[in-house]
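**Q** Just dropping this structure here.
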Amino acid sequence: MRNVVDGLIGEVFARCRENRTGALADYIPELAAVAPDSFSLCIATSDGYVYESGDAHTEFTIQSISKPLTYGLALADRGLSAVGEKIDVEPSGEPFNEISLDPVTERPRNPMINAGAIAAASLIDGDDAEHRFERLRRCYSRYAGRELALNEAVYRSEARTGHRNRAIGHMLRSFGIIEDDPDAAVDLYFRQCSIDVTCRDLALMAATLANNGVNPVTHERALAPDLVERVLSVMTTCGMYDAAGDWVTQVGLPAKSGVGGGVLAVLPGQIGIAVYSPRLDAHGNSVRGSRPAGSSRRNSSCTSCT
């Protein structure tokens, strides 16, 4: 069966690698310097098998793919009710970095856009900034099954240029969504986005969500089952920025993209799919990354191997 899955991945990889449309994210200087045609595709099963093609061990920063993981930790720390008082779970239809709140609830529309993600970061428990970041890093590491690290160069680049996110942070403070120092919440958000991962890591993160919150390789729990359900629901409706509606109708899987070029998708109970390709479309999603996930979903019966 491994040969069947490897053949499927190779076929999808070859078909998608010819697409060289899209552009690098240029508003974060470090992201504009990556190799534009780097490409990898990985699938991890809920019983711990990993299949990969291309640059599967090339490191890149997780960026917005961190958002559902931080949201899950905030839910674990504060509970559904408390988090729901700060962050809604409705699709926004707006750019991910829009400086706005829902006009009725006066809350961020969901945790997958920057306003909601910064609010979620402010809800992470910890004695100080370093402790909160270390809890996030360890949380992400449990999903990936290995110790992950901060990319200092990307973090400095984000901190130097992230004025719009600081504006979002102060807006959240003015509406009482953030109750403490907004700059501390924004800085934690910059750091969470600057953690290095590989395509293989993302596939295992997705497989952990597919496996009810338990890493299928290390067997370590990353998130409680009831919170996994909540996170996957929000990923389904809001995970692909303002292209989420098209994604749901065409692919139908919980997913999250990042401007670093990564995409992960989850087929609950079966597999996690990950793609890395840094050329982005107008929505901020990986051009190549939006295609393999759909192809793998349609052929998911091939990935239930042992």
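**Q** Residue under question is ARG132, and the condition is that it be more than 17 Å from the chain's Cα centre (by Cα) and either closer than 17 Å to LEU69 by Cβ or assigned by TED's automatic domain parsing to the domain that holds ASN285 (or both); does it hold?
**A** yes
**Q** Only one of these conditions is not met by VAL266: (1) assigned to a strand (DSSP E or B); (2) touching a Lys or Arg at 6+ places or on another chain (Cβ under 8 Å). Which number is it?
**A** Only one criterion in (1) assigned to a strand (DSSP E or B); (2) touching a Lys or Arg at 6+ places or on another chain (Cβ under 8 Å) is unmet by VAL266, namely (2).
**Q** Which ones in segment 1-32 are touching a strand residue (DSSP E or B) at 6+ places or on another chain (Cβ under 7 Å) and in a helix (DSSP H, G or I)?
**A** Of everything in segment 1-32, those that are touching a strand residue (DSSP E or B) at 6+ places or on another chain (Cβ under 7 Å) and in a helix (DSSP H, G or I) turn out to be VAL5, ASP6, ILE9, GLY10, VAL12, PHE13.
**Q** Going by the structure shown, is ARG200 part of a loop (DSSP other than H, G, I, E, B), under 18 Å from THR58 (Cα atoms) and among the basic types (Lys, Arg)?
**A** It is false that ARG200 is part of a loop (DSSP other than H, G, I, E, B), under 18 Å from THR58 (Cα atoms) and among the basic types (Lys, Arg).
**Q** What residue, among those in segment 49-82 that are closer than 24 Å to TYR241 by Cα and outside any helix (DSSP H, G or I), is nearest to the chain's Cα centre (by Cα)?
**A** So the residue we want is ILE62.
**Q** With the structure loaded, tell me whether SER46 is out of contact with any Lys or Arg (no Cβ under 6 Å at 6 or more places or on another chain) and in contact (Cβ under 8 Å) with a residue 40 or more places away in the chain or whether it fails that test.
**A** So SER46 passes the test.
**Q** Quick check on this structure: which one of GLU18, GLU11, GLU98 is free of Cβ contacts under 8 Å to residues at least 24 places away in the same chain, out of contact with any Lys or Arg (no Cβ under 8 Å at 6 or more places or on another chain), under 23 Å from ASN285 (Cα atoms) and not assigned by TED's automatic domain parsing to the domain that holds ALA206?
**A** Step by step, each of GLU18, GLU11, GLU98 is checked, and only GLU98 is free of Cβ contacts under 8 Å to residues at least 24 places away in the same chain, out of contact with any Lys or Arg (no Cβ under 8 Å at 6 or more places or on another chain), under 23 Å from ASN285 (Cα atoms) and not assigned by TED's automatic domain parsing to the domain that holds ALA206.
**Q** Further question: Taking the stated definitions as given, is ILE113 within 28 Å of CYS199 (Cβ to Cβ), crowded, with 17+ Cβ neighbours inside 10 Å, in contact with a strand residue (DSSP E or B) (Cβ under 7 Å, 6 or more places away or on another chain) and not aromatic (Phe, Trp, Tyr)?
**A** In short, no.
**Q** Could you grab me the full set of residues in segment 53-85 that are of a type in the set (Ser, Thr, Tyr) and touching a residue at least 40 places away in the same chain (Cβ under 8 Å)?
**A** SER53, THR58, THR61, SER64, SER66, THR70, TYR71
Matching residues to (1) among the aliphatic types (A, V, I, L, M); (2) touching a residue at least 12 places away in the same chain (Cβ under 8 Å); (3) farther than 30 Å from THR45 by Cβ:
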residue: ASP127; (1), (2), (3): no, no, yes
residue: ILE168; (1), (2), (3): yes, yes, yes
residue: SER174; (1), (2), (3): no, no, yes
residue: CYS199; (1), (2), (3): no, yes, no
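**Q** Could you say whether any residue in segment 213-228 is closer than 24 Å to GLY289 by Cβ, assigned to a helix (DSSP H, G or I), within 17 Å of the chain's Cα centre (by Cα) and of a type in the set (A, V, I, L, M)?
**A** yes
**Q** For segment 211-259, how many residues are among the acidic types (Asp, Glu) and in contact (Cβ under 8 Å) with a residue 60 or more places away in the chain?
**A** Here the count works out to 2.
**Q** Could you please find all residues in segment 80-97 being under 21 Å from VAL259 (Cα atoms) and either at pLDDT 95 or above or touching a helix residue (DSSP H, G or I) at 6+ places or on another chain (Cβ under 6 Å) (or both)?
**A** Selection gives PRO91, GLY93, PHE96, ASN97.
**Q** Look at SER46 and say whether it is buried (at least 24 other Cβ atoms within 10 Å of the Cβ), at pLDDT 95 or above and among the polar types (S, T, N, Q).
**A** Answer is no for this residue.
**Q** With the requirement that a residue be exposed (fewer than 15 other Cβ atoms within 10 Å of the Cβ) and among the charged types (D, E, K, R), what does segment 149-202 give you?
**A** The answer is GLU152, ARG156, ARG160, ARG164, GLU179, ASP180, ASP181, ASP183.
The values are calculated or read from the model by the stated rules, or taken from the named source; none is laboratory data. Predicted model, so just to flag it, every value in this text is computed and none were measured. Don't worry about glycine lacking a Cβ; one is built from the backbone with ideal geometry, like all the others, and counts go over all protein chains shown.
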